[in-house]
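This report refers to the structure that appears directly beneath it.
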């Protein structure tokens, strides 16, 4: 494929935000080979391994665990690389992609005795399998800020790891199914799940690790929670969230491990530069939104490559009870409000899950590239219809439950 077709270049924002980032067009087979190699290099010889969500919450947990093991990486090479990257972007005016493939050190992922694997909700099983394949016997394993939708697809690697590891500790704050939580614990895992509307996983990790953390770590957890629970009371939380998105996992863990929430000037400058593009994408996505009446709820639906939380906030400010942001890559984010706490129920009907006010999903409707071509050219219309149908089903359930409650109250 001609690189110019997937480079932002001089294309108008209204066009390139309708397409996925470059990584989408990189074949999974090649990506899997690279990921497998890097995982092996990360895991082999490690004293402990952390499997964590690659956002600010999950990576804060990884930084805490490395601190507890005295295994943090030297931050200086990362700062030098950030400064160089910032200079390159100022010269090229390119700010389209995250820095996941731009590690400050070629082998940074293999340098700490506490290995770090980034994973998402749909790749927990793969990460566990890689640890089982490459870790030494007696390793300590941590899983942070991740919740499996179904125990069955992690059962086999988890059972294998229960026999070979010294300990498995799992810290999270998502909505866990009781049966899944019970099965994970029965497999020998020390599972600690915090209240999803009160704690982020960094809070859970901080209080669960047997280590004398200084005050900056409690501050890091508090500011991470401010964004992760969308409290929006501390402006520094946006800096952490944005930086975690634009930085590689090793870089973020090293920087917050060294500085906590007081990010160095180089990082703040880098974040500020990137925000120019971010804000423009937010405005475009908000302008694209269409609002639908579903039951008693106003559901705003939009499409595009953008920062979903900020877009959802803009749509809520415009009067929406819930917001759906459909992504060019085929997934969607669902965000609620004080008047809508059913996001995880909607997502659960469309191959997803999450929290009452924040969830994600990816409808199983993409069989080939023609389906994706239709998705891009129609701004995700098929995906939007399926998710709106899920809203309607949840609305009917809620209405029926309220009706039953009213009848019971009347009978009493």
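Observations, loosely collected:
- Taken over the stretch 284-313, the residue count meeting the criterion of being touching a residue at least 24 places away in the same chain (Cβ under 8 Å) and more than 20 Å from the chain's Cα centre (by Cα) is 14.
- The one condition in (1) assigned by TED's automatic domain parsing to the domain that holds residue 88; (2) at pLDDT 95 or above; (3) in contact with a helix residue (DSSP H, G or I) (Cβ under 6 Å, 6 or more places away or on another chain) that residue 271 fails to fulfil: (2)
Residues are listed down the side, and each one gets a yes or a no for (1) outside any helix (DSSP H, G or I); (2) surrounded by fewer than 16 Cβ atoms within 10 Å (Cβ to Cβ):
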{"residue": "359", "(1), (2)": "yes, no"}
{"residue": "363", "(1), (2)": "yes, no"}
{"residue": "366", "(1), (2)": "yes, no"}
{"residue": "371", "(1), (2)": "no, yes"}
{"residue": "374", "(1), (2)": "no, yes"}
{"residue": "384", "(1), (2)": "no, no"}
{"residue": "391", "(1), (2)": "no, no"}
{"residue": "394", "(1), (2)": "no, no"}
{"residue": "404", "(1), (2)": "no, yes"}
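- When the residues of the stretch 73-83 are filtered to those that are in contact with a helix residue (DSSP H, G or I) (Cβ under 6 Å, 6 or more places away or on another chain) and in a loop (DSSP other than H, G, I, E, B), the one that is surrounded by the most Cβ atoms within 10 Å (Cβ to Cβ) is 73.
- Conditions (1) within 24 Å of residue 257 (Cβ to Cβ); (2) more than 19 Å from the chain's Cα centre (by Cα); (3) not in a strand (DSSP E or B): number failed by residue 169: (3)
- Residue selected from the stretch 237-292 under the condition outside any helix (DSSP H, G or I) and in contact with a strand residue (DSSP E or B) (Cβ under 8 Å, 6 or more places away or on another chain), by the criterion nearest to residue 224 (Cα to Cα): 289
- In the stretch 54-72, the residues that are surrounded by fewer than 24 Cβ atoms within 10 Å (Cβ to Cβ) and in contact (Cβ under 8 Å) with a residue 12 or more places away in the chain: 54, 55, 66, 67, 68, 69, 71, 72
- Taking the criterion of being part of a helix (DSSP H, G or I) and on the phi > 0 side of the Ramachandran plot, no residue of the stretch 115-147 qualifies.
- Looking across the stretch 1-31 at every residue that is outside any helix (DSSP H, G or I) and over 26 Å from residue 287 (Cα atoms), the one that is modelled with the highest pLDDT is identified as 27.
- Only residues that are at pLDDT below 95 and either surrounded by fewer than 18 Cβ atoms within 10 Å (Cβ to Cβ) or not assigned by TED's automatic domain parsing to the domain that holds residue 172 (or both) were counted across the stretch 199-229, and they come to 0.
- Scoring residue 128 on the criteria (1) closer than 21 Å to residue 356 by Cα; (2) in contact with a strand residue (DSSP E or B) (Cβ under 8 Å, 6 or more places away or on another chain) leaves a single failure, condition (1).
- Hits in the stretch 177-214 - residues which are more than 20 Å from residue 230 (Cα to Cα) and part of a loop (DSSP other than H, G, I, E, B): 177, 187, 188, 189, 209, 210, 211, 212, 213, 214
The values are calculated or read from the model by the stated rules, or taken from the named source; none is laboratory data. These numbers come from a predicted model, not from an experiment. Don't worry about glycine lacking a Cβ; one is built from the backbone with ideal geometry, like all the others, and counts go over all protein chains shown.
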